[in-house]
Amino acid sequence: MARLKTIENTDMTERQRQIHEEIVSGPRSQVRGPLAIWLYRPELADRAQRLGQYCRYDTSLEPRLSELAILTTARIWDAAFEWQAHVPHALAEGVDSSIIDSLGVDQTPDFANEDEEIVYRVTREINTTRQLSDGTYTQVIKILGVEATVDLIGLLGYYALISMTIKAFNIPSIEDEL
């Protein structure tokens, strides 16, 4: 069970309502999961959802690579809510179902594309060792370029924040919400 309940519209401050409406009117179309928790602090919700908008929709990364990084992060953190929210997006953006299946059981997937393999490696390495080896750094710059690498690290930071929020506040999986 979640440690905090979702703030009901009637209990929101004017600023919370304003942020809620901004989120609902954007590409997310709803406030749930970590965003619902962040709404307790409307300025955090506002800034985090703006960063999230950039990380999800406006980076130089192909959406397929973003979704792979998001799922890999969700798996590392065992963040079921995020995993369930992003599997359909990953499939729609072209992440092979065999990759998703491997991630789902915490096994290293077999990659056909070097860009997917390096995104997976960077995501695992930075999240588990808290650094990138020189070899991984050199490879990611070579394969993705500087701008996409910067965007990837930003995306990973954002989804670590999401995962921490899910775990700290015990946000139930989407299946458990129903």
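The values are calculated or read from the model by the stated rules, or taken from the named source; none is laboratory data. Given the structure is predicted, the values throughout are model-derived calculations rather than measurements. Here the Cβ positions follow ideal geometry from the backbone for every residue, glycine too, while neighbour counts run over all protein chains shown. SASA here: full protein model, heavy atoms, side chains in, ligands and nucleic acids out. Shrake-Rupley method; radii C 1.70, N 1.55, O 1.52, S 1.80 Å.
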**Report entry** Qualifying positions in the stretch 23-50 - surrounded by fewer than 15 Cβ atoms within 10 Å (Cβ to Cβ) and of a type outside the set (A, V, I, L, M, F, W, C)
**Finding:** Ser25, Gly26, Pro27, Ser29, Gln30, Tyr40, Arg41, Glu43, Arg47, Arg50
Query raised in the report: Does at least one position in the stretch 51-68 carry a residue that is exposed (fewer than 13 other Cβ atoms within 10 Å of the Cβ) and within 13 Å of Leu155 (Cα to Cα)?
Result: yes
Requested in this report: Search the stretch 127-170 for residues being in a helix (DSSP H, G or I), open to solvent by 80 Å² or more (accessible area, probe 1.4 Å) and among the charged types (D, E, K, R), and hand back the single one that is nearest to Leu71 (Cα to Cα).
Outcome: Lys167
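Could we say that Ala90 is closer than 30 Å to Leu44 by Cβ, open to solvent by less than 10 Å² (accessible area, probe 1.4 Å) and not acidic (Asp, Glu) here?
Values: closer than 30 Å to Leu44 by Cβ: yes; open to solvent by less than 10 Å² (accessible area, probe 1.4 Å): yes; not acidic (Asp, Glu): yes.
Yes, satisfied.
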Query raised in the report: Residue check: is Ala85 open to solvent by less than 60 Å² (accessible area, probe 1.4 Å), within 21 Å of Ile23 (Cβ to Cβ) and touching a Lys or Arg at 6+ places or on another chain (Cβ under 8 Å)?
Result: no
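Per-residue answers, yes or no, for (1) at pLDDT below 90; (2) outside any helix (DSSP H, G or I); (3) of a type in the set (Val, Ile, Thr); (4) touching a helix residue (DSSP H, G or I) at 6+ places or on another chain (Cβ under 7 Å):
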| site | (1), (2), (3), (4) |
| --- | --- |
| Ile23 | yes, no, yes, yes |
| Val31 | yes, yes, yes, yes |
| Ala45 | no, no, no, yes |
| Leu51 | no, no, no, yes |
| Leu65 | no, no, no, yes |
| Thr72 | no, no, yes, yes |
| Arg75 | no, no, no, yes |
| Gln84 | no, no, no, yes |
| Ala90 | no, no, no, yes |
**Report entry** Among the residues listed as Ile118, Ile37, Ile126, Ile100, the single one being closer than 18 Å to Met164 by Cβ and at pLDDT 95 or above
**Finding:** Ile126
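Just a yes or no: is a residue in the stretch 109-125 open to solvent by 50 Å² or more (accessible area, probe 1.4 Å), of a type in the set (Ser, Thr, Tyr) and touching a helix residue (DSSP H, G or I) at 6+ places or on another chain (Cβ under 9 Å)? Please lay out each step first, then the result.
Kept after step one, since they are open to solvent by 50 Å² or more (accessible area, probe 1.4 Å), are these residues of the stretch 109-125: 110, 112-114, 117, 121, 124.
From the residues that got through so far, the ones that are of a type in the set (Ser, Thr, Tyr) too are none.
Checked the stretch 109-125: no residue is open to solvent by 50 Å² or more (accessible area, probe 1.4 Å), of a type in the set (Ser, Thr, Tyr) and touching a helix residue (DSSP H, G or I) at 6+ places or on another chain (Cβ under 9 Å).
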Query raised in the report: Are any residues in the stretch 1-21 modelled with pLDDT under 80 and assigned to a helix (DSSP H, G or I), and if so, which ones?
Result: Asn9, Thr10
